[in-house]
Amino acid sequence: TTAAGTSDPSAESSSITPVTKAAAVTALTVSTGDTQLTVNWMSVTPATLGGGTFESYLVYYKAHSSLIYGTPWATITDSSTTTSLITSLANGTAYDVKVVTWTAANATEIDGNAAEALQTPAAPPSTPRELTVFSSDGTTARVSWQIPLSDGGDVITEYNVTVLVSSV
């Protein structure tokens, strides 16, 4: 429009579909190992990408006591890959783990495209010490021991005692 009047309208543009945010991965689980955590999740589907195309999963971790996540531990560009192994951790330290879904339309973390979990890596405890078997009356025996030097980074919840019968 000018002082002289309004022009005819332009031709219609092709239609577009607005892009929304990608959904977070689902079924996020974190399992423990000796100085490591294994992160698993269900992959996003085209329907949950918000109209964008899949770019990557970003896997982050931080000590639970830390306020912020650092750089990604892993950048996974295959949407069918649904696991990541985080290594070189300290047993007994709690870690927050986060997986962020990035698309061509949402190449940043935004509300709703990240899933988080908390887990503590641990190793098996060391062997109990100073095992002593007290007198037996032929049907019973008392056993005592000292606690292991290391709990592996987790609370020891039980001891398993195995009885071996000798024919000597």
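Miscellaneous remarks
- Filtered residues of region 71-99 (kept if assigned to a strand (DSSP E or B), within 28 Å of PRO18 (Cβ to Cβ) and of a type in the set (Ser, Thr, Tyr)): THR75
- Among strands (runs of 3 or more DSSP E) entirely within region 100-167, having at least 2 residues that are over 27 Å from THR35 (Cα atoms) singles out 129-133, 143-146.
- Boolean, ILE68 is in a loop (DSSP other than H, G, I, E, B), in contact with a Lys or Arg (Cβ under 6 Å, 6 or more places away or on another chain) and surrounded by fewer than 16 Cβ atoms within 10 Å (Cβ to Cβ): no
- Residue count for region 43-65 under the criterion of being in contact (Cβ under 8 Å) with a residue 24 or more places away in the chain, not in a strand (DSSP E or B) and not aliphatic (A, V, I, L, M): the result is 8.
- Lone qualifier among VAL59, VAL44, VAL97, VAL19 - being under 30 Å from ILE156 (Cβ atoms) and among the hydrophobic types (A, V, I, L, M, F, W, C): VAL97
- Near pairs, Cβ below 6 angstrom, 6+ apart or cross-chain, from region 84-108 (without any contact (Cβ under 8 Å) to a residue 12 or more places away in the chain) to any residue that is assigned to a loop (DSSP other than H, G, I, E, B) and surrounded by fewer than 21 Cβ atoms within 10 Å (Cβ to Cβ): none
- ALA122 vs. criteria surrounded by 14 or more Cβ atoms within 10 Å (Cβ to Cβ), among the small types (Gly, Ala, Ser), at pLDDT 90 or above and under 30 Å from TYR60 (Cβ atoms): no
- The lone exception for ALA47 - which of (1) touching a helix residue (DSSP H, G or I) at 6+ places or on another chain (Cβ under 7 Å); (2) surrounded by fewer than 17 Cβ atoms within 10 Å (Cβ to Cβ); (3) of a type in the set (Gly, Ala, Ser) it fails: (1)
- Summed over region 1-32, residues that are surrounded by 13 or more Cβ atoms within 10 Å (Cβ to Cβ) and charged (D, E, K, R) total 1.
The values are calculated or read from the model by the stated rules, or taken from the named source; none is laboratory data. Please read all numbers here as calculations on a predicted model, not as lab measurements. Every residue, glycine as well, gets a Cβ built from its backbone with ideal geometry; the counts of neighbours run over all protein chains shown.
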